[in-house]
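A quick write-up on the structure given underneath.
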Amino acid sequence: MRRKNPAKQLFGTNGIRGVIGRDMVPGLSFSIGAAFGSMCKGCIAVGMDTRTSGESLLRALKAGLMATGCDIVDCGVLPTPALQYIVRDDFDGGAMITASHNPPEYNGIKIIEADGTEMADEKILKLEQRVFSRNFKFQPWNKIGFEIRAPHLIEQYIIGIVRQFPSGIGNGMLVIVDAGCGPAGTTTPEILKMLGCRVLTVHSNPDGHFPGRMPEPTPKGLAALSELVVSCKASFGVAHDGDADRAVFVDEKGNYIEENQEFALFVQHICEQQKGIIVTPVSTSQLIEAVASKEGCSVMYTKVGSIYVARTMHSLKKKGEKVIFGGEGNGGLIFPAHQFCRDGGMTAAAMVSMLASRHKKLSEMVARLPKRYMIKDKVSCTTAQKVLDTLEHAFFHESIGHTDGLRISRGTTWALIRASGTEPLIRIIVESNTRKTADSLYHELMDVVSKNLPD
Ligand code: MG
């Protein structure tokens, strides 16, 4: 049976986001801090990315937390996974001011639980209820929280990644890092140098105006990185999104590696070394399953969103299952030996390790992957659920899954049709091993969709 999720009103798949001065204002940040502080006790680690609005939102958030009795450790500007790592080791929770890959006018908040994962849906709903009803447990004068600043804690994260790999594994490998003027400018180059790489950087200065490129690392935005990789004869280039929980790559020829292919390269490498379960959302390319099953490993699918992947991996591990890797087809990869969240710095380090052990060029490794053809589309629609119901009826004879939206499987061809959680849209993904079969299912679906759109 299809399960309906109770709707989160403020928070989306990865925290709350909004345009500064319009829907994301310090008053809302204060309310979220006060609501979070009313739900937990103890010491909360906070941090932010490099956005111009970060400081004002962070101060408001801290005011809400302290007024409700929480002590604060401010870690300053750092990647989201760095804060998650710090929280998991030493704190009762965390809050990160970031809008990840969104343009500069956006900002947002991610709430982190004591185990370092993003707050689960049930608790987010309770937090939202407190914000809407202004149900805050403000404390008297002698129970107000205090704050200390601890920018040095970022070192724990850097060392935590470096310790995952044999000493000097980089062995002089030349790598170019594009931090996109985000917080990874102080972490990823340092991590790679400590692994023994030679590192050059582009857009490594923290700047919330994003003068080099937008926070979303697109092939177009990474032109400078590609040029530098080729001209310097580097082994690869790595780029991060605005809070560095994702990493994408260009090969030694300057070509952008599609993120499902990136994921598949790591799956292949990890599955050759250990057997177990890979966790990924239903929106990910079947390339992952093809590569994993060839190595005798299995794939478990979740709803779309890294938080579902991370939490599924965590619960599998608790049950004693061997979960070896997870992630999404967008450069957000989770290495469970390190921590249960997407981590761009860790992904960059893992690429160094993979190249060092395989003695092949990155472009050669990509070229050997099986070919898949993916079509992604979106259709404006105010009656998304009705259209999904009609599609399910029209394709009743096919194999249908309800992990998230509607997933239609037809041998090596599949489609995912979902209602957007934040906009009046239907998102459609179709994938197959040939362009012809992908096109065919796409047109069949669009035929039904277009006939059932409201006038
Ligand atoms: Mg991000």
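Every number here is computed from the coordinates shown, using simple stated rules; none is lab data. Everything numeric here is computed off the predicted structure, so don't read it as measured data. No Cβ is skipped: glycine too gets one built from the backbone with ideal geometry, and neighbour counts run over all protein chains shown.
Full extension of the chain segment joining Thr390 with Arg134 gains 88.1 nm, where the gain is 0.36 nm per residue of separation less the Cα-Cα distance. Going from the fewest other Cβ atoms within 10 Å to the most, the residues Asp121, Asp447 appear in the order Asp447, Asp121. Let me make sure I get this right: for the chain, a, b and c are the square roots of the gyration tensor eigenvalues over alpha carbons, sorted descending. Under 1.5 in a/c it's rounded, otherwise prolate if a/b > b/c, else oblate. Which is it? Oblate is the answer for the chain, as a/c is 1.5 or above yet b/c matches or exceeds a/b.
Take the cross-link list Lys275/Lys376; Lys317/Lys371; Lys193/Lys294; Lys126/Lys322; Lys110/Lys318 and give me the ones stretching past 26 Å between alpha-carbons. Spell out each step's value before the answer.
Numbers: Lys275/Lys376 31 Å; Lys317/Lys371 32 Å; Lys193/Lys294 34 Å; Lys126/Lys322 32 Å; Lys110/Lys318 24 Å.
In this structure, Lys275/Lys376; Lys317/Lys371; Lys193/Lys294; Lys126/Lys322 exceed 26 Å between Cα atoms.
Here is the list for region 58-151: trypsin sites (Lys or Arg not before Pro) lying in DSSP coil, each with at most 10 other C-beta atoms within 10 angstrom of its C-beta, are Arg134.
Only Lys, Arg, Asp and Glu carry charge here, each on its Cβ (+1 for the first two, -1 for the last two); on that basis region 259-367 has a dipole of about 340 debye about its Cα centre. Placing unit charges on each Cβ (+1 for Lys and Arg, -1 for Asp and Glu) gives region 23-104 a dipole about its Cα centre, and among Gly93, Gly54, Cys43 the Cα reaching farthest toward its positive end belongs to Gly54.
Most tightly packed first, judged by the mean number of other beta-carbon atoms within 10 Å of their residues, the peptides 303-309, 22-28 read 303-309, 22-28. Remark on region 16-153: hydrodynamic radius 14.5 angstrom, per the Kirkwood mean of 1/r across alpha carbon pairs.
Packing here is the average count of other Cβ atoms within 10 Å per residue, and on that basis the peptides 32-42, 434-444, 343-353, 176-186, highest first, run 176-186, 343-353, 32-42, 434-444.
Take the Cα of Lys360, step 7 Å toward its Cβ, do the same at Glu295, and the gap between the two points is 1.2 nm. Straight-line cross-link partners of Lys220 among the lysines, defined as a Cα under 18 Å from its Cα and at least 8 positions apart when in the same chain: Lys253. Farthest towards the positive end of the charge dipole of region 156-250, among the residues Val199, Ala244, Gln156, is the Cα of Val199, using unit charges on the Cβ of Lys, Arg, Asp and Glu. Cα centroids of region 384-439 and region 214-279: 28 Å apart. What does the C-alpha gyration tensor say about the overall shape of region 1-74? Classify as rounded when a/c is under 1.5, otherwise prolate if a/b is larger than b/c, or oblate. Oblate, because a/c is 1.5 or more while a/b does not exceed b/c. Placing +1 on each Lys and Arg Cβ and -1 on each Asp and Glu Cβ, with no other charges, gives the chain a dipole about its Cα centre of roughly 660 debye.
Divide by every residue of the chain the summed helix terms, -39500 (n - 2.57) for each DSSP H run of at least 4, and state the resulting mean residue ellipticity at 222 nm, rounded to the nearest 500 deg cm²/dmol. Present the calculation step by step, with values, prior to reporting the outcome.
On the way: 14 runs with 163 residues, N = 455.
Dividing the helical sum by the residues of the chain leaves -11000 deg cm²/dmol.
Distance between the C-alpha centres of region 289-338 and region 6-44: 28 Å, rounded to the whole angstrom.
Pulled fully out, how much extra length does the chain show between Glu122 and Asn142, if you take 0.36 nm times their separation in residues and subtract their Cα-Cα distance? Could you put the intermediate results ahead of the total?
Values: separation 20, 0.36 × 20 = 7.20 nm, distance 3.17 nm.
Full extension of this stretch gives 4.0 nm more.
In debye, nearest 20, what is the charge dipole magnitude of region 55-106 about its Cα centre with +1 on Lys and Arg Cβ and -1 on Asp and Glu Cβ, if you could check? Using Cβ point charges on Lys, Arg, Asp and Glu, region 55-106 gives about 100 debye.
Sort region 77-161 into rounded, prolate or oblate with this rule: let a ≥ b ≥ c be the square roots of the eigenvalues of the Cα gyration tensor; rounded if a/c is under 1.5, and if a/c is not under 1.5, prolate when a/b is larger than b/c, oblate otherwise.
Oblate.
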